[in-house]
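J.: First, the structure itself, so that you have it in front of you.
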Ligand SMILES: Cc1ncc(COP(=O)(O)O)c(C=O)c1O
């Protein structure tokens, strides 16, 4: 199978699995797991923050960050297509008791003046604008990269108004590689930020959330409360450390593959639009007179190619460690049969 559904589909390589055998482990809840501690220290430095916490998933990073930054009745400003709104089962409302105010960005990216317009004046009646969240890269906008100036502008605007800032950095390292700008610089204006190891970095489990020492101490309480505190988590952290050593620079290969796929898809008559493929995600729309996205998904599955249909007319294709140019050829040839 050529699986382009998501970069979460990667399986750990033998070398990554072997890194576990050498890992020293201990009780994570008691700060006794040296491998997890080393990972947290390394990610804190990578993101330019004081401290970090290992968590099972990126969703938990977002939800814990919101819980720490807000009080019930507050409002979180973020982009309409973001993971937080669409794929976290209403977590901000259910876990933190907050509202979200969605902004309409351009390819997932909103501007400082939109934040200014969204911030509510203090009033007895209104929710309190408390937190601005950005998603770098913007997944459902085709892995779109936030430019550094926009990230800084949004963060400065939020800070001036007294709001906290959080970066969903599930694919921050894709952005860093694409822009040639260090991750800590991209995250500089953000009070909290995390990276995911189970996406393009190729590890099976794990995400690390970073912030100030105080923020991380508060995050730990929520991790413990929600059953996310672990024991010998070094077996997972070892694979994340391996990913940092070996799988970061190669993200450029995923980007090149995605750009090639986007170019080929754009030429098919049955394709009505392709979003700019900045990194490793290609999102395109199929024309009204072409087969629907679910029909194409089903037809490709029969030919051993997995893609993602999002609604009737939209398809997502994601490149990662476990697909290569031959997979890309198989994908493009199958799509040409459906949409050519
Ligand atoms: C932008 C973004 N944020 C958060 C997540 C959640 O990460 P996880 O699957 O590790 O919970 C995802 C997962 O696809 C994502 O794409």
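Throughout, read-outs are computed from the coordinates displayed, never taken from laboratory work. None of the values given here were measured: they were computed from a predicted structure. Backbone-built Cβ (ideal geometry, glycine too); neighbour counts: all protein chains shown.
J.: If you go through the stretch 127-159 one residue at a time, how many are more than 11 Å from the ligand (Cβ to nearest atom) and assigned to a loop (DSSP other than H, G, I, E, B)?
T.: Qualifying residue count, the stretch 127-159: 5.
J.: Which one of 266, 262, 258 is closer than 20 Å to residue 324 by Cα and surrounded by 22 or more Cβ atoms within 10 Å (Cβ to Cβ)?
T.: Result of the check over 266, 262, 258: 258.
J.: Still on this structure, please answer the following. Count, please, the residues in the stretch 218-237 that happen to be touching a residue at least 24 places away in the same chain (Cβ under 8 Å) and part of a helix (DSSP H, G or I).
T.: 10
J.: Going by the structure shown, is residue 162 outside any helix (DSSP H, G or I) and touching a strand residue (DSSP E or B) at 6+ places or on another chain (Cβ under 8 Å)?
T.: In short, no.
J.: Taking the stretch 276-334 on its own, how many of its residues are within 19 Å of the chain's Cα centre (by Cα), closer than 15 Å to residue 264 by Cα and surrounded by fewer than 21 Cβ atoms within 10 Å (Cβ to Cβ)?
T.: Matching residues across the stretch 276-334 total 1.
J.: Across the stretch 177-208, what is the total count of residues that are in a loop (DSSP other than H, G, I, E, B) and within 23 Å of residue 220 (Cβ to Cβ)?
T.: Going through the stretch 177-208 one residue at a time, the tally reaches 8.
J.: Hey, residue 211 hits all of (1) within 16 Å of the ligand (Cβ to nearest atom); (2) crowded, with 24+ Cβ neighbours inside 10 Å but one; which does it fall short on?
T.: (1)
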